[in-house]
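Student: Next up is a structure, given as C-alpha cells.
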Amino acid sequence: MAKKKEKKKEGGGIGELLAYAGNRKFLTYLGMGLSAVSQLLSFGPYVCIWFVARDLIAAAPNWSEATDIAVYGWWAVGFALASIVVYFAGLMCTHLAAFRCASNIRKATSEHLLKLPLGYFDAHATGELRRIVDGCAASTETLLAHMLPDISGAAAMVTGLLVLLFAFDWRLGAACLISVVISIGAMATMMGGKGGEFMKAYMGALVRMNKTGTEYVRGIPVVKVFQQTVHSFKAFHDAIVDYARMAQDYAGTFCRAPQVRTSRL
C-alpha cells in the first residue's frame, strides 16, 4: 500500500487522478485515441468534396464525363457516419472511466474524513467540506470525460489539417500554421501568468460562495427563531458579489483581448 501511494504522488496531475479509475484507467486513453481518430475521419468528406471539384473542373464543360462523383458522395457519407460512431464510442469509454474515478474519490475522501479529529470539523465549515467531497469529485467528470478527449481530438485535427494543407499547397499550410501559433499564444496569455494566479483567487471566491450558501440554507430554522435574516444573509450576499466581480474581471481583463484575437483568426 505504501508503494502504491508513493507511485500516486510521483505520478502527479492527470496520472494521480486516473489512478482512482482503477481497472478502467485504460478506457481514458482508449477514448482519447478514438476521439483523435474521429477527428481525422471527419476530414474525409472535405477530401471527397475536393475530389468532386477536381473531377468537375477537369471534365468541364462535359459534366457527364465526371462519373465518379456519386462514389465520392457515398465515401463522404461513410466518413461522416464513421466519425460520429467512433466519437460516440470514445465518449462512452471516457465516461465509464470518469464515473469510476469520481466514485472512488468520494469513497477515499469520506474514509479520510472519518479518521480526522473532531477539531478539524470545527475549523472547516460543512459547506466547504461538502464541496470538496461532492463538488470537486464531480468536476473531475468534465475533465476526464470531455476535456481530455476533446484535447486529443483538437490536437489530431490541427495536425491532420496542416498535413492536408501542406499536401495540397504548402502556402496554405504555412498561412494556417501562423494562425495556429498566434491562437496558442493568445490562449497561453489567458491561462498562464497572472491569469493562473487569478484563477486561484476565482476558485477561492467560488468556495466561499458555496460554503456560505450551504451554511445559510442549513441555518434557516435558527435564523427564523432569532429573527436574524438580514444579518445572516449579508455574508452570503457579500460572497455572491465577490464571486460575480471576479468573474466579470476575469472575462473583461484576461479573456477579452485574447479571445478577440483568436476569433478574428
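The values are calculated or read from the model by the stated rules, or taken from the named source; none is laboratory data. It should be emphasised that the depicted structure is a prediction, and the values quoted were computed from it without experimental measurement. Using ideal geometry, Cβ is built from the backbone for each residue, glycine included, and neighbour counts are taken over all protein chains shown. What goes into the accessible areas is simple: the full protein's heavy atoms, side chains included, and nothing from ligands, DNA or RNA. Shrake-Rupley method; radii C 1.70, N 1.55, O 1.52, S 1.80 Å.
Student: Kindly establish whether M209 is open to solvent by less than 40 Å² (accessible area, probe 1.4 Å), under 29 Å from V241 (Cα atoms) and part of a helix (DSSP H, G or I).
Tutor: Taking the combined requirement at face value, the residue satisfies it.
Student: Over 24 Å from C48 (Cβ atoms), modelled with pLDDT of 85 or more, out of contact with any strand residue (DSSP E or B) (no Cβ under 9 Å at 6 or more places or on another chain) and of a type in the set (A, V, I, L, M): does that describe L177? Spell out the reasoning first.
Tutor: Values: over 24 Å from C48 (Cβ atoms): yes; modelled with pLDDT of 85 or more: no; out of contact with any strand residue (DSSP E or B) (no Cβ under 9 Å at 6 or more places or on another chain): yes; of a type in the set (A, V, I, L, M): yes.
Taking the combined requirement at face value, the residue does not satisfy it.
Student: Going through segment 54-81 one residue at a time, which ones are under 27 Å from L41 (Cβ atoms) and among the hydroxyl-bearing types (S, T, Y)? Full working, then the answer.
Tutor: So the first thing to find is which residues in segment 54-81 are under 27 Å from L41 (Cβ atoms), and the list is 54-58, 66-81.
The answer is T67, Y72.
Student: Next up: Please identify the pairs in which a residue from segment 27-44 that is free of Cβ contacts under 8 Å to residues at least 60 places away in the same chain has its Cβ atom under 6 Å from the Cβ atom of a residue that is among the small types (G, A, S) and part of a helix (DSSP H, G or I), counting only partners at least 6 apart or on another chain.
Tutor: Close Cβ pairs satisfying both conditions: L41/A82; L41/S83.
Student: Can you tell me which residue among A156, A123, A108 is of a type in the set (A, V, I, L, M), closer than 29 Å to A239 by Cβ and modelled with pLDDT of 85 or more? Talk me through it step by step, then tell me what you get.
Tutor: Values: A156 fails: closer than 29 Å to A239 by Cβ; A123 fails: modelled with pLDDT of 85 or more.
Of the residues listed, the single one that is of a type in the set (A, V, I, L, M), closer than 29 Å to A239 by Cβ and modelled with pLDDT of 85 or more is A108.
Student: Scan V37, V52, V77 and give me the residue that is modelled with pLDDT of 85 or more, over 34 Å from the mean Cα position of the chain (by Cα) and of a type outside the set (F, W, Y). Reasoning before the result, please.
Tutor: Values: V37 fails: over 34 Å from the mean Cα position of the chain (by Cα); V77 fails: over 34 Å from the mean Cα position of the chain (by Cα).
Of the residues listed, the single one that is modelled with pLDDT of 85 or more, over 34 Å from the mean Cα position of the chain (by Cα) and of a type outside the set (F, W, Y) is V52.
Student: I need a count of the residues in segment 47-67 that are without any contact (Cβ under 8 Å) to a residue 60 or more places away in the chain and in contact with a helix residue (DSSP H, G or I) (Cβ under 8 Å, 6 or more places away or on another chain).
Tutor: So in segment 47-67, the residues without any contact (Cβ under 8 Å) to a residue 60 or more places away in the chain come out as 48-49, 51-67.
Subsequent filtering for residues that are in contact with a helix residue (DSSP H, G or I) (Cβ under 8 Å, 6 or more places away or on another chain) retains 48-49, 51-52, 55-56, 59, 63, 65-66.
Here the count works out to 10.
Student: Just to confirm my filter: which helices (runs of 4 or more DSSP H) fall fully inside segment 73-166 and include at least 3 residues that are in contact (Cβ under 8 Å) with a residue 60 or more places away in the chain?
Tutor: Values: elements: 118-123, 126-130, 136-142.
Of the helices (runs of 4 or more DSSP H) lying wholly inside segment 73-166, those with at least 3 residues that are in contact (Cβ under 8 Å) with a residue 60 or more places away in the chain span 126-130.
Student: Still on this model: Looking only at segment 21-33, which residues are buried (at least 18 other Cβ atoms within 10 Å of the Cβ) and among the hydroxyl-bearing types (S, T, Y)?
Tutor: T28
Student: Sticking with this one: Out of the residues in segment 34-63 that are assigned to a helix (DSSP H, G or I) and farther than 30 Å from A89 by Cβ, which is most open to solvent (accessible area, probe 1.4 Å)?
Tutor: So the first thing to find is which residues in segment 34-63 are assigned to a helix (DSSP H, G or I), and the list is 34-41, 44-59, 63.
If we keep only those that are farther than 30 Å from A89 by Cβ too, we end up with 53-59, 63.
Working: A53: 43, R54: 103, D55: 28, L56: 56, I57: 131, A58: 86, A59: 10, W63: 150 Å².
Ranking the qualifying residues of segment 34-63, first place goes to W63.
Student: Given the criterion surrounded by 12 or more Cβ atoms within 10 Å (Cβ to Cβ), of a type outside the set (V, I, T) and either touching a Phe, Trp or Tyr at 6+ places or on another chain (Cβ under 7 Å) or within 22 Å of L162 (Cβ to Cβ) (or both), identify the matching residue among A66, A76.
Tutor: On the way: A66 fails: either touching a Phe, Trp or Tyr at 6+ places or on another chain (Cβ under 7 Å) or within 22 Å of L162 (Cβ to Cβ) (or both).
From the options A66, A76, the qualifying one is A76.
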